[in-house]
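**Q** Sharing a structure with you now.
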Amino acid sequence: MTDVRKRTLTHPAVGRDYRQTSFWLASTTDNLTARKPLEGHLSVDVAILGGGYSGLWTAYYLLRDNPGMEVAVLEKDICGFGASGRNGGWCSVRFPVDADALERRVGAERARRTILAMHDSADEVGRVAAIEGIDAHYRNTGVLSLARGDAQLPAIHEVFNTYERLGLGSENRLLSASEAYELIHATNVSGALLSSRGASVHPGNLVRGLARAIEKRGGVIYEGSQVVKITSGERASLATASGSLVARRAIVAAGEAYLTQLSPFKRGLLPMSSMIVVTEPLTTAQWEEIGWQGGQSVGSQSNTKNYLTRTLDGRILFGSRGAPYHFGSNVPDSSLADERTYAKMRCTLREWFPVLEQVRFTHAWGGYLGVTRDWMPTVNYDAPSKLARLYGYTGRGVSTTNLAARLVAGLISGRASGLEDLPMHRPDSPMWELEPLRWAAVRYVQNAFARIDEAEIAQRRPPWDTAIAKYLAGQ
């Protein structure tokens, strides 16, 4: 048996400033010095591709429940460099498939169990952070879904009605325009849905703290180790340019949107970008004008998915869908540096809160999230091929990754988790269309949604093709 804990190597990215990646990595309390890369050919029980939440949570539960198991994680850059260190800080109880669509697909009882499992996952993130001493800024803040304009009211009413049918109405409350304004003084608010469950976190502290917790339990993490080949079967392995990990029990594909760069996953996921801007810390007087004293995770019902977080140090984070889809599911960093998009986002946030007109914005960044063809996450483990997969969180991954990881860790180790009946546990997800049809259809929907939102803001009639776009993008 090879001891993978005694390698001492030089990292290829020495000197790279990872704090430029996002506000969360810039402000993390963790030392971002990169760990050593993999070199040579080693053997472990479980080899994991991806040092984000999916891979790290999987490693955590495998090590916690199976003392002595040899688990190693391969990460292309550093842990948290991808979506896990770039997201909006929501630890949401919202499943990637919306509640009404989930009920239609799997029935009321199974939908209810799935939503309750999400509630537990959001709580579990906080429990683990406390147990492991991770300063994740975990706060039970709930979620405030705003209807900005009357056109967005039907959406929040539909969600509330679904929760009531599923017996979850007591944790969700419809608010009038005046009641919503009492909680947050945003412009053009016609009403809101207030959900008491859900939390907010500091994603950088959470992902880096989770990596340290894995190492304390005996796991090994190799950074600067990009996987270039996945081999399943009897000699299942993950290969990098400088070495490989042969897995005696399982290899785990946990790279989310970046899996699309490997041929087995090219059509299983579609990478979608999300972009974020963050203000400087606001003054007490500015916060008095804005309200938002409860610190809830705030979102509107726009098709381009606006979401806001109040950070612990008094900033406002504003995010939305970002760059258009790239042909062939490519994920170029250049698309995440579009200043026109960031400028538009700053203008939008100032329209929400005019008091921010002279406020400085200190950070702007983007990242890629993974979307399956039917918006349902996919989790499975095929014992004969030794291949486990978990992916497809559509931007709701901070809590959903925890749920998926507990499920897949139980499948690999043969321990019942009680999550096996969830709809995300399935053999595969539908494939995305071949190019160039995929590119044409996704670009059309992205363009149509932008036009629909613009018409809504201007209080014009919806574009003639609204129904077509929503049908093509529907869950």
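**Q** Out of the residues in the stretch 234-285 that are free of Cβ contacts under 8 Å to residues at least 24 places away in the same chain and outside the structural domain of residue 51 (by TED's automatic domain parsing), state the one that is farthest from residue 358 (Cα to Cα).
**A** 284
**Q** Here's a follow-up. Test residue 131 against the stated conditions and say whether it is closer than 30 Å to residue 209 by Cβ and loosely packed, with under 15 Cβ neighbours inside 10 Å.
**A** Criteria met by residue 131.
**Q** In the stretch 282-305, what count of residues is obtained for those that are out of contact with any Ser or Thr (no Cβ under 8 Å at 6 or more places or on another chain), assigned to a loop (DSSP other than H, G, I, E, B), over 30 Å from residue 469 (Cα atoms) and of a type outside the set (A, V, I, L, M)?
**A** Residues meeting the conditions: 3.
**Q** So which of 114, 58 ends up being within 18 Å of the chain's Cα centre (by Cα), among the hydroxyl-bearing types (Ser, Thr, Tyr) and surrounded by fewer than 24 Cβ atoms within 10 Å (Cβ to Cβ)?
**A** Within the list 114, 58, the selection yields 114.
**Q** Evaluate the stretch 452-472: report whether one residue or more is out of contact with any helix residue (DSSP H, G or I) (no Cβ under 9 Å at 6 or more places or on another chain) and touching a residue at least 40 places away in the same chain (Cβ under 8 Å).
**A** For the stretch 452-472, residues out of contact with any helix residue (DSSP H, G or I) (no Cβ under 9 Å at 6 or more places or on another chain) and touching a residue at least 40 places away in the same chain (Cβ under 8 Å): present.
**Q** Just a yes or no: is a residue in the stretch 423-435 out of contact with any strand residue (DSSP E or B) (no Cβ under 9 Å at 6 or more places or on another chain), buried (at least 16 other Cβ atoms within 10 Å of the Cβ) and not β-branched (Val, Ile, Thr)?
**A** Yes - at least one qualifying residue is present in the stretch 423-435.
**Q** Continuing with the same structure: Identify all residues within the stretch 241-300 that are under 19 Å from the mean Cα position of the chain (by Cα) and among the polar types (S, T, N, Q); write none if there are none. Walk me through how you get there before you give the answer.
**A** As a first pass, look at the stretch 241-300 and keep what is under 19 Å from the mean Cα position of the chain (by Cα): 252-261, 265, 268-278, 296-300.
260, 261, 273, 274, 296, 297, 300 - these are the residues of the stretch 241-300 that are under 19 Å from the mean Cα position of the chain (by Cα) and among the polar types (S, T, N, Q).
**Q** Filter the stretch 311-335 down to the residues that are touching a residue at least 40 places away in the same chain (Cβ under 8 Å) and of a type in the set (Gly, Ala, Ser), then identify the one that is farthest from residue 291 (Cα to Cα).
**A** Applying the filter and picking the extreme gives 328.
**Q** Checking the structure you have, find out if any residue of the stretch 450-460 is crowded, with 17+ Cβ neighbours inside 10 Å and not in a helix (DSSP H, G or I).
**A** no
**Q** Turning to a different aspect of this structure: If you go through the stretch 386-421, how many residues are more than 30 Å from residue 304 (Cα to Cα), touching a residue at least 24 places away in the same chain (Cβ under 8 Å) and among the aliphatic types (A, V, I, L, M)?
**A** Residues that pass the stated criteria total 8.
**Q** Quick check: anything in the stretch 324-333 closer than 28 Å to residue 155 by Cα, at pLDDT below 95 and in the same structural domain as residue 144 (by TED's automatic domain parsing)? If you could, list the steps in order and put the result at the bottom.
**A** Applying the first criterion (closer than 28 Å to residue 155 by Cα) to the stretch 324-333 yields 324-325.
Next cut, at pLDDT below 95 only: 324-325.
In the following step, the residues that additionally are in the same structural domain as residue 144 (by TED's automatic domain parsing) were identified as 324-325.
Looking through the stretch 324-333, at least one residue is closer than 28 Å to residue 155 by Cα, at pLDDT below 95 and in the same structural domain as residue 144 (by TED's automatic domain parsing).
**Q** Ok, one more. Does residue 182 count as under 17 Å from residue 72 (Cβ atoms) and out of contact with any Ser or Thr (no Cβ under 8 Å at 6 or more places or on another chain)? Before you say what the answer is, go through the steps one by one.
**A** On the way: under 17 Å from residue 72 (Cβ atoms): no; out of contact with any Ser or Thr (no Cβ under 8 Å at 6 or more places or on another chain): yes.
Taking the combined requirement at face value, the residue does not satisfy it.
The values are calculated or read from the model by the stated rules, or taken from the named source; none is laboratory data. Keep in mind that what you see is a predicted model, and the values were worked out from it rather than measured. So basically every Cβ, Gly included, is an ideal-geometry build from the backbone, and we count neighbours across all protein chains shown.
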